[in-house]
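A quick write-up on the structure given underneath.
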Amino acid sequence: MSDPEPTRSGATDPDAPTLSPTARAVADARLAAVVARHGHRLADNEDRARVGRAIERQVDLAEQLRRVPLANHDEPEIDFVPFRAPDTDTETTL
Amino acid sequence: MSDPLSGGIADLAARIRSGATTPTRLAEAALAALEADGRRLNAVVTLTPDLALAEAARAEADLAAGIDRGPLHGIPYGAKDLLATAGIPTAWGAGPLKDQVFDHDAAVVERLRAAGATLVAKLAMVEIAGGFGYEQANASFTGPGRNAWDADAWAGGSSSGSGAAVAAGLVPYAIGSETWGSITTPAAFNGITGLRPTYGRVSRRGAMALSWTMDKIGPMARSADDCGLVLAAIADPDSAGSARGDRPPALGASTQVVSAPAGGFRFGVLRAAVAAADPAVAANAEAALAVLAEVGTLVDVELPDFPYAAAASVIVLAEAAAAFEDFIADGLAAGLAAPEDRVGLLDAQTLPAVDYLRALRLRRLAGCALDALLARYDAIVAPTLLFVAPPLSAPFASYFGRDAGPSLGAAGNLCGLPAITVPTGFGDRGLPTGLELMGRAFGEDRLLDAARAYQARTDWHTRRPPSAATTTPP
């Protein structure tokens, strides 16, 4: 399913990313989650708008990442090393 | 009266060994200069006179006993205030943490002590290394970092105090850190030389973590020679501080002798970045390229097509949001200096894991493509910043927010690559400009050689601001 016309939030913010309706819905949902968890930290509507703009930018960033094709075998750069403590002289042999 | 701290590290080291000065005199001179000009520039968080004078006394005793710990022996330095120092506050630039004291030293501080260096100050920085998304210069509990060349201009961030203090001649060198631009920006804005090592080259143990996969620690000094000497002392890829278990290629000995490859250096020029720079920055970059052409070949290049900035942003946001989740939950962000920082990273608390992992997957591809390009050159070069330091009162959106075109900073930091910035002259409002040279992973030696070759033919790195310290020891 393709998105209809993209929309730009905050007519006063010329740098606001232009989001598709789907991306807009994702951004709105994420802002709602932030408000639910951290709403008491938002002093006023300006704070809320600031967080909203930041989320919109992140959604836009994620869209940029998705334009690069990745294959199933393209692994993330994760440096995971299974832990094993150094052997000691008192270790019991099973 | 002549400045007791003038000259490079090698010169100061020679003066110590000739008896022309002593580690104690150098420490006292640095402490006095930092107290006067360092405070004026908002570059100082904490002076460490007791520690400094004790370390200086030990340095003198060691030399008297025939123990020479190398070129940094008895030389004073400042450390960005995100490096832990036992018993001395480490505030990470944040008012809510101004009384934070650790019981251990960062690995870098340990290594510099082993090299005989003298810690004279914890230097100012942008709060939480800028991780909360500050949008203007006034984003530290010590006030906005002031530029050594113009106190009404920004020093850059997040290693603000390190950049300004070195430029003003208050310390011969300082330690900074970079997640994305935090060494190169203040170095370029203040007209000094800054080296961002390869990710994993320098242990991060005891340093504030903003982004576990992007944080690097490196030297900020007056010349490539000095950066090489400091890097040789602090490089330590120990498993506790490095995310990589494999041992990187060793650094060469810092001989301070320019070692040009046979046939000269090969430089790739990010021409689009030169074209996007302010006119004076571009003109200085062109002049610098003409100097580089004396020691090598120049070829215009483009970076492989990847959304470097988007990937780097997503990674930093996700990791910083996790690293500071408790800081936010405890309400400490409300005490940060910049209003925008008080609600910073709330947005990233809902950043999807799949977005973060996609950025990490893309990083591997981008790193391979970049290495294939860099394998053909000793360095890719571009203006470090497209403009000079903005006025303190200027919102960042009017500078950093504009379309910047291709950037070495985003690509290099995403992929953990080393870079060095060298001063190239002066631009608008008489403020310094810089050129960045970026190389292959663990290719610091070649970058240092290229920067030394440039500085052997120019004197921009020897320029000092008119107000540079001439304070004499008490």
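The values are calculated or read from the model by the stated rules, or taken from the named source; none is laboratory data. Bear in mind the structure is a predicted one, so any value in this text is a computation, not a measurement. Here Cβ is always computed from backbone atoms with ideal geometry, including for glycine, and neighbour counts include all displayed protein chains. SASA here: full protein model, heavy atoms, side chains in, ligands and nucleic acids out. Shrake-Rupley method; radii C 1.70, N 1.55, O 1.52, S 1.80 Å.
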Worksheet entry | Subset of the stretch B:154-173 that is in contact with a Lys or Arg (Cβ under 7 Å, 6 or more places away or on another chain) and among the hydrophobic types (A, V, I, L, M, F, W, C) - its residue that is nearest to A:R50 (Cα to Cα) | B:A155
Response to the item:
Only one of (1) surrounded by fewer than 17 Cβ atoms within 10 Å (Cβ to Cβ); (2) modelled with pLDDT of 95 or more; (3) under 24 Å from B:P339 (Cα atoms); (4) more than 8 Å from chain B (Cβ to nearest Cβ) does not apply to A:A29, and that is (3)
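Results for (1) modelled with pLDDT of 95 or more; (2) more than 21 Å from B:V388 (Cβ to Cβ), shown as yes or no for each residue.
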position: B:S259; (1), (2): no, yes
position: B:G263; (1), (2): no, yes
position: B:R266; (1), (2): yes, yes
position: B:A273; (1), (2): yes, no
position: B:V281; (1), (2): yes, no
position: B:A285; (1), (2): yes, no
position: B:L289; (1), (2): yes, no
position: B:D300; (1), (2): yes, yes
position: B:F306; (1), (2): yes, yes
Item to complete: Could you grab me the full set of residues in the stretch B:35-71 that are within 25 Å of the chain's Cα centre (by Cα), not small (G, A, S) and not in a loop (DSSP other than H, G, I, E, B)?
Response: B:E35, B:D37, B:R39, B:R40, B:V44, B:V45, B:T46, B:L47, B:P49, B:L51, B:E55
Item to complete: Of the numbered conditions (1) open to solvent by less than 30 Å² (accessible area, probe 1.4 Å); (2) more than 21 Å from B:V316 (Cβ to Cβ); (3) of a type in the set (G, A, S), B:A114 fails exactly one; give the number of that condition.
Response: (1)
Practice prompt. Of the numbered conditions (1) surrounded by 24 or more Cβ atoms within 10 Å (Cβ to Cβ); (2) within 9 Å of chain A (Cβ to nearest Cβ), B:R342 fails exactly one; give the number of that condition.
Written response: (1)
Worksheet entry | Members of the stretch B:345-354 found to be open to solvent by 10 Å² or more (accessible area, probe 1.4 Å), assigned to a helix (DSSP H, G or I) and of a type in the set (A, V, I, L, M, F, W, C), listed by number | B:A353, B:V354
Worksheet, complete the sentence: Across the stretch A:52-76, the tally of residues that are open to solvent by less than 60 Å² (accessible area, probe 1.4 Å) and facing chain B (nearest Cβ under 7 Å) stands at 11
Worksheet item: So which residues in the stretch B:284-322 are in contact (Cβ under 8 Å) with a residue 24 or more places away in the chain, away from chain A (no Cβ under 14 Å) and part of a helix (DSSP H, G or I), if there are any at all?
Response: B:N284, B:A285, B:A287, B:A288, B:L289, B:V291, B:L292
Discussion item. Being crowded, with 16+ Cβ neighbours inside 10 Å and not charged (D, E, K, R) narrows it down to one residue among B:A329, B:A322, B:A290; which is it?
Written reply: B:A322
Worksheet entry | Subset of the stretch B:58-99 (residues that are open to solvent by 50 Å² or more (accessible area, probe 1.4 Å) and farther than 13 Å from B:I16 by Cα) | B:R58, B:A65, B:G66, B:I67, B:G87, B:K98, B:D99
Worksheet, complete the sentence: When every residue in the stretch A:38-51 that is in a helix (DSSP H, G or I) and within 8 Å of chain B (Cβ to nearest Cβ) is compared, the one most open to solvent (accessible area, probe 1.4 Å) is A:R41
Fill in: Failed item, numbered, when A:V35 is tested on (1) open to solvent by 80 Å² or more (accessible area, probe 1.4 Å); (2) of a type outside the set (D, E, K, R); (3) modelled with pLDDT of 90 or more
(1)
Discussion item. Among the numbered criteria (1) within 16 Å of A:R41 (Cβ to Cβ); (2) out of contact with any helix residue (DSSP H, G or I) (no Cβ under 7 Å at 6 or more places or on another chain); (3) of a type in the set (D, E), which one does B:E340 miss?
Written reply: (2)
